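Report on one structure; see the data block that follows.
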Amino acid sequence: MFTIKSQSEIEKMKKAGEILYETLQLIKKNTVPGVTTKELDRIAEEYIKKNHATASFKGYDAGIPGMVPFPGSICTSVNEEVVHGIPSLKPLKDGDIISIDVGVYLNGYHADAARTFAVGNITAEAQRLIDETRQSFFEGLKQMVIGNHIRDISEAIQNHVESKGFSVVRDFVGHGIGRELHEMPDIPNYVTKRRGPRLENGMTIAVEPMINAGSYSVKVLENRWTVVTTDKSLSAHYENTVAITNNGPIILTRF
């Protein structure tokens, strides 16, 4: 159901994760009112290429009939857009929030991470959504120990989010990662009937809470990629690639 990585493989993923982290920091610096998401995409792609790596998402084929490969190097999801936002020439405005999802492929291995950034001055409630989405990941991280099951992670995330009055997206989940961008197992951010696999030394997973200010209901736009909240409420996203080890979880995309 999933692949176990050696220490050398985890180190390769960590190298990809370092580039990814630096890319996110560069994007954060340039996320200001007036910038277009297309420009942020260009900045990210140039930095990734400069470091002899490849953007995992550029040309990604979801394998769905009639769906074109993803056209951007990063996903740029603004306000009510949840995930898979396509970079465009539309400028960001003061008060927007934007979720940036980045994948980096280096030496045969992927790393994947996402952050939600404020554009200029945002409302206190928008900031709270960003903060609690981030915190929900770290609540899940406490459960990423050998012997636990996937559902332990899911439960910790959902409990935290709902205790803060927000909702957890059900239609999209986290995943295993390594040689492939998306590997088994699935990592839901909400409790399911199945406990899921037992966590083992050498597992590598991408855990990514996608949290809405309103209902958890979402829909996909006509471009077949961009996911939005059905009630137009704000959405935030926080993700890291994590290695499960005998010494506890190691975040490979946060330094």
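All of the numbers you see were taken from the coordinates with simple rules; none came from a lab. Just so we're clear, the structure is a prediction, and the values are computed from it rather than from any experiment. Here the Cβ is made from the backbone with ideal geometry for all residues, glycine too, and neighbour counts use every protein chain on show.
Which shape class, rounded, prolate or oblate, goes with the chain when its Cα gyration tensor gives a ≥ b ≥ c as root eigenvalues, a/c under 1.5 marks rounded, and past that a/b bigger than b/c marks prolate? Oblate. A full extension of the chain between Asn30 and Ser215 corresponds to an added length of 63.5 nm, given 0.36 nm per residue minus the alpha carbon distance. Between the beta carbons of Phe255 and Asp231, assuming R0 = 30 Å, the FRET efficiency works out to 0.25 to the nearest 0.05. Helices in the chain, meaning DSSP H runs of at least 4 residues, each add -39500 (n - 2.57). Divided by all residues, the mean residue ellipticity at 222 nm is -9500 deg cm²/dmol. Simple spin-label estimate for Lys93 and Arg224 gives 3.1 nm between the two label positions (7 Å along the Cα-to-Cβ direction from each Cα).
Counting lysine pairs in the range 103-255 that sit 8 or more residues apart in sequence, or on different chains, and whose Cα atoms lie under 22 Å apart gives 4.
Here the calculated FRET efficiency for Gln127 and Thr192, from their Cβ-Cβ distance with R0 = 30 Å, stands at 0.50, rounded to the nearest 0.05.
Once you sort the root eigenvalues of the Cα gyration tensor of the range 72-215 as a ≥ b ≥ c, which label holds: rounded (a/c under 1.5), prolate (a/b larger than b/c) or oblate (the other case)? Note, shape of the range 72-215 comes out oblate. For the pair Lys49 and Glu162, the difference between a 0.36 nm per residue extended length and the Cα-Cα distance amounts to 36.7 nm. What you get for the range 165-208, charging only the Cβ of Lys and Arg (+1) and of Asp and Glu (-1), is a dipole of about 260 debye around the Cα centre.
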